[in-house]
C-alpha cells in the first residue's frame, strides 16, 4: 500500500483548491452577470453568439459550478487535513486552524472575483464552465431524483402550496395564524400582500405581451418612420429586429431618437439602429416577482421573453409587473380611468371603455341596446359590427347611434367614442 507524504498530499490538494476557487468564482459570476454587458463584451471580441449560449444555460451551469465547488472543496480539505495528521510537526491544532482560515480566504477571493469580473470571467472560462456542467451531470440528476422523491413522499398532500418567503415573513411573527394576521391589516395592505404572493408563484409568461401583439420595427427603419411609429402607437420604447422578428437587435427609445433628430438638424441623417440600447432577454419560465429585481438591477424598463428554442415569446415591462401589485398605473399621457367606464364629454358625446358591459351602458344612459347578441361589451359590439379588429379612427353606426374607435392597443379595443345624436338617414 502506497503511503503519501504530507508534502505529496499538500501538492495534490493544490489543484483541488484551484478547481474549488474556479467553480466558486464561476457560480458567483453566473448569478450576478449582466446580459447586456456580456453581449457587448462578446461582440467586441468577435463572438456575439456566446452571450446567447450562456443565457440559455446559465442557471444549469451555475448549479453545476456550485456542486463542483462543494466536491472540490471537500477533497482539498480532506487532503490538507490528512497532510496535517501525518505531519511530524506537533502543531496539529494550529495547522488545522490555518487550513480553515485558508479555506475561508480562498472562498472570499473567488466570490469577489466572480461578482466583480463576471462578464470577462464567463467569456474567458465558458469552455471550462461547460466542462464542469457536463461533469456535474450525475450530481444534478441525483439532486433531481432526491427532490422528486421528497416532494412525492415527504410532503403533506393537504398542506397546499409551499409558502413563499413573503408568506413566511407575514405569518412568522409571534406564531400568529393567517386569520389573526389578516384581522390586523387594512384591506388595501392585505390585497397588496396577496398580489405579491401570487406574483412569487407566477412565471413571466403569464403577464407578457404575446409576440403577435408586439409593436416592433425593422432595423433598417428611417428616423422619420420610427418617429411616426412612436407618435401613432404612443409607445416610449420599440424593439428593432434584424433578419426576422426573433432577431431583436436592441430597443429604440423615443426620447433618444427625438433628441438626436433635433441636435442633428437633418432627420434623414439619423440612423435609428445606431441609437438602440441592448435588449434584456429572459426565459419565459423566469419568476415574475424576481424579474422586478432583475429589471431594476439592469436599469431597464423592458425585457424580451424567449421561449425554449430561443425565439421571441413576448415582451414584458416593469410597469406591467408593478400593475400586478398595485393596479393600473396611469401617466400624464393616459386618459384618466373611470370606475364605470363612461366619461361624459359634453352634449350627446361619451367616451366608453372597451370592456364596458352593454347592460351597464343601458342602465346608466337609459339606452336599449340589445344584450342577447353575440357580444356583451362595447369592444365586442365594435368587433361584431366591423367583422375584424379595427384601426383607430374607424366608425360604425348601430341602432341609430354613431360609434368611433379611438384607441386600439395590444390587440384590444380600449376606448370608443359614442355620439347619441341620431345618424341622419340617407
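For residue 323, the criteria (1) at pLDDT below 85; (2) assigned to a strand (DSSP E or B) hold in every case but one, which is (2).
The number of residues in region 237-254 being exposed (fewer than 15 other Cβ atoms within 10 Å of the Cβ) and touching a strand residue (DSSP E or B) at 6+ places or on another chain (Cβ under 7 Å) comes to 2.
Condition check ((1) assigned by TED's automatic domain parsing to the domain that holds residue 215; (2) crowded, with 17+ Cβ neighbours inside 10 Å; (3) in a helix (DSSP H, G or I)) across all residues:
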| residue | (1), (2), (3) |
| --- | --- |
| 352 | no, yes, no |
| 362 | no, no, yes |
| 367 | no, no, no |
| 370 | no, no, no |
| 380 | no, yes, yes |
| 385 | no, no, yes |
| 388 | no, no, no |
| 402 | no, yes, no |
| 406 | no, yes, no |
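Taken together, the residues in region 265-284 that are surrounded by 13 or more Cβ atoms within 10 Å (Cβ to Cβ) and not in a strand (DSSP E or B) amount to 11. Of 89, 99, 84, 112, all but one fail to be more than 30 Å from the chain's Cα centre (by Cα) and either outside any helix (DSSP H, G or I) or at pLDDT 85 or above (or both); the exception is 89.
The values are calculated or read from the model by the stated rules, or taken from the named source; none is laboratory data. What you see is a predicted model; the values in this text were computed from it and never measured. Quick reminder, even Gly has a Cβ in these numbers, built from the backbone with ideal geometry, and neighbours come from all protein chains shown.
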